[in-house]
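Worksheet: one structure, shown below.
The values are calculated or read from the model by the stated rules, or taken from the named source; none is laboratory data. Bear in mind that the values here come from a model prediction, so they are computed numbers and not experimental data. Cβ sites come from the backbone with ideal geometry, for glycine too, and all protein chains shown count toward neighbours.
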Amino acid sequence: MHFWHTLPRPFFALAPMADVTDAAFRRMFARHGKPDVLWTEFVSCDGLWHTRERQGIPDEENPLMRDLLFSEEERPVVAQLFTARPDMMEYGARVARELGFDGVDINMGCPDRAIERQGAGAALIKDLSLAREIIAAAKEGAGPLPVSVKTRIGYAAPEVARWLGGVLEAQPHALTIHARTRHDLSRVPARWEYVQEACALRDAASLATIIIGNGDITSREEGTCRAQEAGCEGVMVGRGAFGNPWFFSPTVKKETLPLAEVLVALVAHCRLFEELLPHKPFHIMRKHFASYVRGYPRAKELRTALMACHTADEVAQVAAREAAR
Ligand SMILES: Cc1cc2nc3c(=O)[nH]c(=O)nc-3n(C[C@H](O)[C@H](O)[C@H](O)COP(=O)(O)O)c2cc1C
């Protein structure tokens, strides 16, 4: 039995977010309020193949392999992959298996033009038969690991029966539904009624795929309500968890914590970023600063001071100055 069936109901997942849910971010969450399952950022299968098999870059020096770094405390952890080529997906899934991941997830929802131009991400919503070939190839490469898909409710318009129904027929172990179309991007509120429709479709067809609803969830309580209404087994949270490694904790609410404690966590996050991701520029960390301090008195001044930092030590100095006030 694979891990999807051992999770609580509803379970909570931390969404994959490129340049956000890196190894440092995930480790912070694993320590402060662990989600029931975590995803890596998305990684290109073609890129993995090219850098490892063509260019022969050693794994320790390969930035794509570093994106697949995870620690035992994150388990269960799923590697998210993208490609438009079944052979590349098989390769990527095999790499994920060799690295010891708990599952392989296929990105079929990313609206980034560079990804879509390759025929990957959300472009696959327009090509169900290729999408299904890619799912089959992932299963081949993943061996005993469960394979999941993360997608949207349609391309230009919701297409629950054709698209989500078609993916369900390929029987992925789990399906995350970001409740917006490709054209919606993130501009309209998430349309959870379509998650409910997909669950009803799955139940009517007696399929075993676990469904995870995603979009605009801002608290565990809201996620639990949404899951009950839609009839899905899990809830995935992305932006709602920014700057809040306690988001998934059933006991600690960030709103109840003093600023000093939040700043201690922010400094720890910066130090983990430098330690685990030395190949990434520190400015990537800056996107977290505003969310960590939002809602606290003097948030604006603090954010300005933090934004001027270039290292974890400088962030620690800002935090120490704040503590001494
Ligand atoms: C900065 C950012 C990066 C993202 N990167 C990915 C990604 O690598 N793979 C993916 O499947 N979705 C990605 N997404 C989409 C999220 O996983 C999620 O589906 C979306 O943000 C909606 O959930 P939310 O309303 O809880 O944020 C990204 C979203 C954001 C905001």
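The residues listed here are Arg54, Arg66, Arg97, Arg85; of these, the one that is in the same structural domain as Gly215 (by TED's automatic domain parsing), in contact with a strand residue (DSSP E or B) (Cβ under 9 Å, 6 or more places away or on another chain) and among the basic types (Lys, Arg) is Arg97. When the helices (runs of 4 or more DSSP H) confined to region 1-91 are screened for residues that are under 17 Å from the mean Cα position of the chain (by Cα) and at pLDDT 95 or above, those reaching at least 3 such residues are found at 23-32. Candidates in region 240-262 are the residues that are without any contact (Cβ under 8 Å) to a residue 60 or more places away in the chain and surrounded by 15 or more Cβ atoms within 10 Å (Cβ to Cβ); of these, the one that is farthest from Pro297 (Cα to Cα) is Gly240. Check off (1) surrounded by fewer than 12 Cβ atoms within 10 Å (Cβ to Cβ); (2) without any contact (Cβ under 8 Å) to a residue 12 or more places away in the chain for Glu314 and give me the number that stays unchecked. Against the list (1) surrounded by fewer than 12 Cβ atoms within 10 Å (Cβ to Cβ); (2) without any contact (Cβ under 8 Å) to a residue 12 or more places away in the chain, Glu314 comes up short only on (1). Taken together, the criteria place Ala114 among residues that are over 19 Å from Ile212 (Cα atoms), within 13 Å of the ligand (Cβ to nearest atom) and assigned to a helix (DSSP H, G or I).
Can you tell me which of (1) among the β-branched types (Val, Ile, Thr); (2) surrounded by fewer than 18 Cβ atoms within 10 Å (Cβ to Cβ); (3) within 11 Å of the ligand (Cβ to nearest atom) is the one Thr6 doesn't meet? The failed condition is (3).
Within region 293-306, residues that are part of a loop (DSSP other than H, G, I, E, B) sit with their Cβ atoms under 8 Å from residues that are surrounded by 11 or more Cβ atoms within 10 Å (Cβ to Cβ), at 6+ positions apart or across chains, in these pairs: Arg294/Gly243; Tyr296/Leu259; Tyr296/Val262; Tyr296/Leu302; Pro297/Leu259; Arg298/Glu322.
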